[in-house]
Amino acid sequence: MALTEQNPSPPPQAMLSKMLGFELALGVVALALAWVFSVPLLVAFSGPWLQAVTWGIFATVPLLLMMVWFEFSRAAWVRELRAYVDQVLKPLFVGISPAGIFLIALFAGVFEELLFRGVIQTALEGPLGLWPALLLASLLFGLAHAMTRAYFIVTTLMGIYLGGLYVWTDQLMVPILAHFLYDWAVLTWLLRKSN
């Protein structure tokens, strides 16, 4: 019997469940680490919510401009990155409903920022200082996304940006919103012709 496909992709509903489960697991890890290292996560959500939401929305703009630049750049490394996204990442999301894409982006924004900025960056700040903590948390964020060298560099820089937003505003909601809105916009854009 001949196989037409070596590694068939799981059905969209199964892929959605895996992605949401993974992001939720990051949230559980974040809460456990916050407890172990006595990181007061609720403090990161205090402050004026309307201001945090406003800054979170505006903070998404530079990330979206980066996305547009990636879409039209002719740099060789950007073309390679686009090819990787088209050939490897995009197929993972094909067939997932718009509501599913929204949830994936929301879970990634909340739980990844909770872990990398809310817990890791905050916990490292005491022993290392502000800037080394931001850089190390961003490096770990990049390593967690290191599917290619270029993707590692881009996500590390994004981690520095998101960590800087957290330092500047002292509100975790700002990088959470920027991360969520960026992921949602990117996934929606990439899948506009596929779903």
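The values are calculated or read from the model by the stated rules, or taken from the named source; none is laboratory data. Computed from a prediction, not measured in an experiment: that's the story for all the values here. Cβ: placed from backbone, ideal geometry, glycine included. Neighbour counts: every protein chain shown. What goes into the accessible areas is simple: the full protein's heavy atoms, side chains included, and nothing from ligands, DNA or RNA. Shrake-Rupley method; radii C 1.70, N 1.55, O 1.52, S 1.80 Å.
Here is how the numbers come out for the structure above:
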item: For residue 127: the one exception among (1) open to solvent by less than 30 Å² (accessible area, probe 1.4 Å); (2) more than 26 Å from residue 49 (Cα to Cα); result: (1)
item: Helices (runs of 4 or more DSSP H) completely within the stretch 1-115 that count 3 or more residues being open to solvent by 40 Å² or more (accessible area, probe 1.4 Å) and closer than 17 Å to residue 162 by Cα; result: 49-72
item: The stretch 153-180, residues that are assigned to a helix (DSSP H, G or I), more than 10 Å from the chain's Cα centre (by Cα) and among the hydrophobic types (A, V, I, L, M, F, W, C); result: 153, 154, 157, 160, 165, 167, 168, 173, 174, 177
item: The stretch 130-149, residues that are surrounded by fewer than 22 Cβ atoms within 10 Å (Cβ to Cβ) and not in a loop (DSSP other than H, G, I, E, B); result: 130, 131, 132, 133, 135, 136, 139, 140, 142, 143, 144, 149
item: Cross-chain or 6+ apart pairs with Cβ under 9 Å, the stretch 29-53 first and on the phi > 0 side of the Ramachandran plot, then of a type in the set (Ser, Thr, Tyr) and in a helix (DSSP H, G or I); result: 47/169
